[in-house]
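Written below as structure tokens is the structure these notes are about.
Each value in this text was obtained by applying a stated rule to the coordinates, not by laboratory testing. Not measured: the values here are computed from a predicted model. Neighbour counts are summed over all protein chains in view; Cβ atoms, including those assigned to glycine, are modelled from backbone coordinates with ideal geometry.
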Amino acid sequence: MSGSGLIGAPLTRREDDRILRGETRYLDDITPSGALHAAFVRSPHAHAAITAVRVPADAAGVVAVLTAADLPAVAARYPVMEPRDSEVRAGEAHPVLAEGEVRYAGQPVAIVLAPSRALAEDGVELVDVEYEVREPVLAVRDSDLVMMGWSARRGDVAAAFAAAAHVVSGSYALPRLIAAPMEARGAIAEHDAAADVLTVWCSAQDTHRPLAQLAHILARPEHSVRVIVPDVGGAFGSKGVVAPEVAAVAAAALALGVPVKWTEDRLENLVGAYQGRGIEGDLELALDPEGRMLGLRARLWADLGGYLLTTTTVPPHTAGTLITGCYDIPAAEVQVRGVRTHRVPTGPYRGAGRPDAAYMIESLVDAAARATGIDRVTLRRRNLIRRFPYRTATGLEYDSGDFERCLDLALGLTGAPAGPRADTAGPAAGAVRGRGVAVFIERAGGAWETAEIALTPGGRFRVSSSSSPHGQGHDITFAQIAADRLRVPVDAVALRFGDSALTPAGVGTFGSRSVAQGGSAVALAADELVARARERVASLTGCDPAAVGHGAEGFSAGERTLSWAALAETVAEAAGAGGDPEPLEATARFQSANVFSSGAYVANVSIDGATGELSVERLAAVDDAGTVINPLLVHGQVLGGAVQALGECLTEEAIYDDAGQLRTGSFLDYSLLTAAEIPPIITGEVQTPSPLNPLGAKGAGEAGAVGTLAAVANAVTDALGGRVVAPPFTAEKLWRALGEGPAGSPPGPPVETTALPHTPSAATARRVRVLVRRGAPALALGLALGALAARGRR
Amino acid sequence: MKPAPFRYAAPDSLTAALELVADEDARPLAGGQSLVPLLNFRLARPGLLVDLNPVTELVGIEVREGTLCLGAMTRQAALLRSDVVAAGWPLLRDAVRHVGHAAIRNRGTVGGSVAHADPAAELPVALTALDARFRIRSVHGERVLSSDQLFCGALTTALQTGELLVEIEVPPVPAGARMAFAEHSRTHGDFASAGVAVVHAPGERAAVALLGAGPVPVRVPAAERALLGGAPAAEVAGLAAAGVEHDHRRAVIRTLIVRALERIQ
């Protein structure tokens, strides 16, 4: 099919020039005339009953203060996804505004509308909310409220463990993470009463999921909601569900009959946007004397937060289904408990369950290598899945892959193994080194997308898709796919995204699915257009369609050649003559089961013996994303994912105090990496095409985030002589672990045992620092709202 | 993240600025790198914001009778570009390199960093190691404070209502003095969790100041005496870190001292 060599061409994105010149149009660049600006009264408490909300009668500058009771347009709570074979308590769905109780600090309680955002924030301070504070549940194993349960079982697990020569166990935990896109969330809603169409401009990953969520919440037919997604400054999973604030903005626009705008600020984004990860697990692996895996037991606990948003249930289910990794494990028993806690809900964040599963199983396999004395690479080779399709014990069907080739390539890219570990640790010791190996698999693609393609004057093409971009580079990728099929220059193809009124129905952009699903739909639509054009040429020339040739010049029928431009002219001429020309257009829908990307990552690290500081010295990333359309973009995705995962390894962690208040509520405390912390990342590629779509494509959007954490974690454990430390691997944690010595050694004395005199000034400094710096944003919220709460309590 | 309402004044002379800050509800605005976030979080709620940026007489780096005089509104980035700072007080240049990122140093001022008195800030520690003196003025007059008189606690100084820090004076260091600044932070440009400033003129003078050992910059006389007496780096480091309460921070500070001393051997 490929005549023009566009599949696999490293073309640059066409939007970069516009982005670099600052000519993008983000949500906050749009303000309809007469718009009111929204700010939110938020709960200062992690768990409380609301006993009264008192709105001042005459707040200067405030147009309206609305609570749940004042938004009749809100007909339902959030729609909630029920992953296959799971049990979901849909009654725990997130309300738009609080309904009598609050289940996390930062939960929206009331919306305040004013002519400017500053006035709206002033108005927020005037609303008195009376709370009856309740004890928050924060530890996942303490929660007895399971909002999502899932389990799978295959084979005789008890027999596998009874027959095992080795049983290895491990407990692992990943903290909550904040997606922190450069552009936070937000929306503008405007109701056209005459046409009864609600238009919502929304900073989102795609158009049709927000549309469906809003239509459900507002009980409106989908055709009466139009969602427009302007330029988006990143999402990383955090913009796949519309914010409760967005639904409130839509309901307020309906209630007041004026446009309403809300641009989320950084403080709101940190406390109120759904977070990622927040999962822990206990795993047990049974092996025979040669290290063949016989059975796996896994119990996972996921912190889902106070309520279910639409996709809150998905990441823990994904983690559970992928927990057997790349290994042929005949018997497995997996249980996932997604529990309610009094924190902001969790949801998809780059990887969304995939890094969680890879981290746990790959850590366990390294533990097995240490316990059995079998080399960790040998142990992996002995157990890798080698025949496809492969049905896992958890019910997935892996379509394709070549795990061992990925592993060999990654090992080759990292050079000679790291030197031996230093024998001594502690302040006097030098650096200790470690190397980590991980293989991983990720669920990608799945479900359906549609694409429309139309021939336009001049022999150009317009492709419309609802698999829309927020940084990935859909435009050039889809143009390459269409142009390759049409045998035209890539510049002849223009893409249209981001407006539900102008693009065909679709699912959206998430889960490494855009090329496999959206791209396949584009390919099929282009093929259909070629078929129709062939028929048109046949009818124009009186030739048999089968005899019409298609090439770089257009179409040939006998002696005649008709270019795409000439075909477009025939359509225009027929229209001008009052004829009834069929425009040359085609629509295609593509649906498939999940495809499975995979890869192998190897990390070399060193830990400063004196301070515990971790340096990732080298990372080799080998990915199998199937057939690659644009290697430049895949490379960018892998680097971006790896860098986000390095943040997870080194610094990132959403920390809550015992009262359920976020302590990392600003970028002073929630520490994102800078370019200075990024090690050399060497990428490699294996392409085993997926048999499930016409392109052979899989996915790459999350790969870097999946493989990096597992590889770096194993490298750290290797450096620590087998002692497992939970990410992030901070200097202090690693310094303490070095002081404790290798795993299996008795918990020795800490590095220093000298009791030093207590310095009151130092303690005071820490406290003040906590107040002023560490907890500043949470405190700002607490001060602004807690003071009012206190007033409300008399 | 919009500030609570406030009045705003932008005087163009020190005299006018001093009259405005005499208002009990006034807060001076220097580079705004700490105050503006605090305003936006509504943690600081001044009635009147007195913008010192037009007060050009507070800007400048000069040497008077061997003493380095830094106008309070001198941008932090200016220290990086100053030849006199590089020649006589390179510690200040080394410390400022660790302050945030270029955009922050371009706006942030030397006086603002001192008056804000963040316990994790680099400049107060470097200035403490250099025996700097702080010239403070109000409509009623002028006083000059030492570092230990000025820094009272985290984010707290001896500055009273109506007073402005106008100039920082750094005395000359003995010829041949070497100096170094080292710190530990999670990421490049982040606030330091621990840091050290070391000045050493063999046989003449030694100074060791710590960041992260308390709410204010801490000098460690025992370590300074040992350094002056020719003790090995490990011993100086051990003495310098001995009073640090938190064990990991103590280990980090000890390492930083050793590294700083290695750089100036």
Restricted to pairs 8 or more residues apart or on different chains, the lysines in the protein assembly as shown with C-alpha atoms under 24 Å apart form a number of pairs equal to 4
Which FRET efficiency value, to the nearest 0.05, do you get for B:His188 and A:Glu535 by plugging their Cβ-Cβ distance into 1/(1 + (r/R0)^6) with R0 = 56 Å? 0.35
A:Ala152 neighbourhood, Cβ < 11 Å, K/R = +1, D/E = -1, net charge +1
Which of the trypsin sites (Lys or Arg not before Pro) found in segment A:341-413 are loop residues per DSSP with 13 or fewer other Cβ atoms within 10 Å of their Cβ? A:Arg386, A:Arg387
Rounded to the nearest 20 debye, dipole of segment B:10-87 from Cβ charges on Lys, Arg, Asp, Glu: 400 debye
Could you please rank A:Arg460, A:Arg25, A:Arg354, placing first whichever residue has the fewest other Cβ atoms within 10 Å of its Cβ? A:Arg25, A:Arg460, A:Arg354
Tail beyond 38 Å, pair distance distribution of chain A (Cα, percent): 44 percent
Potential lengthening between A:Asp375 and A:His223 on full extension [0.36 nm per residue; Cα-Cα distance subtracted]: 48.8 nm
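Under a point-charge model restricted to the Cβ atoms of Lys and Arg (+1) and Asp and Glu (-1), what is the dipole moment magnitude of chain B relative to its Cα centre, in debye to the nearest 20?
Here chain B has a charge dipole of around 660 debye.
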About its Cα centre, how strong a charge dipole does the protein assembly as shown have in debye, to the nearest 20, once Lys and Arg get +1 and Asp and Glu get -1 at the Cβ? 1500 debye
Given points 7 Å out from each Cα along the Cα-Cβ axis, report the A:Glu82 to B:Ala16 separation in nanometres with one decimal. 7.1 nm
How far is it, in nm, from the label point at A:Arg54 to the one at B:Arg205 when both lie 7 Å from their Cα along the line to the Cβ? 6.2 nm
A:Leu308's amide H: which non-local residues (gap 5+, or another chain) put their own amide H closer than 5 Å, with H modeled 1.01 Å from N in plane and none for Pro or chain starts? A:Ala93, A:His94
Considering only DSSP states other than H, G, I, E and B, which chymotrypsin sites (Phe, Trp or Tyr not before Pro) in segment A:232-282 qualify as loop sites with at most 13 other Cβ atoms within 10 Å? none
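For A:Leu256 and A:Ile682 in the same chain, what is the full-extension length gain: residue separation times 0.36 nm, less their Cα-Cα distance, in nm?
Extra length from A:Leu256 to A:Ile682 when fully extended: 147.8 nm.
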Label-to-label distance, nm, for residues given as B:Glu142 and B:Val36 (7 Å Cα→Cβ offset): 3.1 nm
Per DSSP H run of n ≥ 4, the term is -39500 (n - 2.57); total these for chain A, divide by its residue number, and report the mean residue ellipticity at 222 nm rounded to 500 deg cm²/dmol. -8000 deg cm²/dmol
Gain on full stretching of the segment that runs from B:Cys152 to B:Arg97 - 0.36 nm per residue minus C-alpha separation: 17.3 nm
GluC sites (Glu not before Pro) lying in DSSP loop within segment B:6-65, provided at most 10 other Cβ fall within 10 Å: B:Glu24, B:Glu65
Given axes a ≥ b ≥ c from the Cα gyration tensor, I'd like to know whether segment B:4-115 is rounded (a/c under 1.5), prolate (a/b larger than b/c) or oblate. oblate
Once R0 is set to 45 Å, what does the formula 1/(1 + (r/R0)^6) return for the Cβ-Cβ distance between B:Asp23 and B:Ala175, expressed as a FRET efficiency to the nearest 0.05? 0.45
Summarise the partner chain shielding of B:240-248 as one whole number: the mean count of Cβ atoms from other chains within 10 Å of each residue's Cβ. 6
Using r as the Cβ-Cβ distance of B:Ala86 and A:Glu101, and R0 as 51 Å, what FRET efficiency do you calculate, to the nearest 0.05? 0.25
Nonlocal amide H pairs with A:His550, under 5 Å, H built at 1.01 Å: A:Ser556
Within chain A, what percent of beta bridges assigned by DSSP are antiparallel, to the nearest 5? 80 percent
